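Worksheet: the structure to be examined is printed underneath.
The values are calculated or read from the model by the stated rules, or taken from the named source; none is laboratory data. Small disclaimer: the values here were computed from a predicted structure and weren't measured. Cβ sites come from the backbone with ideal geometry, for glycine too, and all protein chains shown count toward neighbours.
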Amino acid sequence: MGIFKNNFYMGILLVLLWIMYGILPRVITFFNLDNFLTRLFTKLFLYMIIISTIFVIFVILVTFLGSVYKEIKLPKPSINKTQHKEISITEKLSSLKKLKESGVLTNEEFKKKRKKILDEF
């Protein structure tokens, strides 16, 4: 609730700044202050108000989207309870021997794979 309260105060501040910007030209003409510096000050004041307005709108949008995001209930990922069966070294070596005997692997390939399996152990 505090965030929305702060956004409300920022909105009031912006409204006051826009009102001051609306009154500023009247003050300049009333006191007959129409010169280069007053025009420059007026433009800088306008740019400051525009940037502040964009910032406040951004903060309000981020606050709103953040509150909406918190309300979204994402399903928790299901954890697979089944454990993978680990193949023993003897099973790996026996399957490798069968591949060699069937002619799928050459003698050199068999030796390389066997060395790799034994190095993992």
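Assorted remarks:
- Filter result for Arg39 (surrounded by 10 or more Cβ atoms within 10 Å (Cβ to Cβ), out of contact with any Pro (no Cβ under 8 Å at 6 or more places or on another chain) and among the basic types (Lys, Arg)): yes
- Boolean, Glu109 is modelled with pLDDT of 85 or more, part of a helix (DSSP H, G or I) and surrounded by 12 or more Cβ atoms within 10 Å (Cβ to Cβ): yes
- The residues of segment 31-68 that are of a type outside the set (A, V, I, L, M, F, W, C) and part of a helix (DSSP H, G or I), listed by number, are Thr38, Arg39, Thr42, Lys43, Tyr47, Ser52, Thr53, Thr63, Gly66, Ser67.
- Qualifying residue in segment 37-51 (condition: at pLDDT below 75 and out of contact with any Gly (no Cβ under 9 Å at 6 or more places or on another chain)): no
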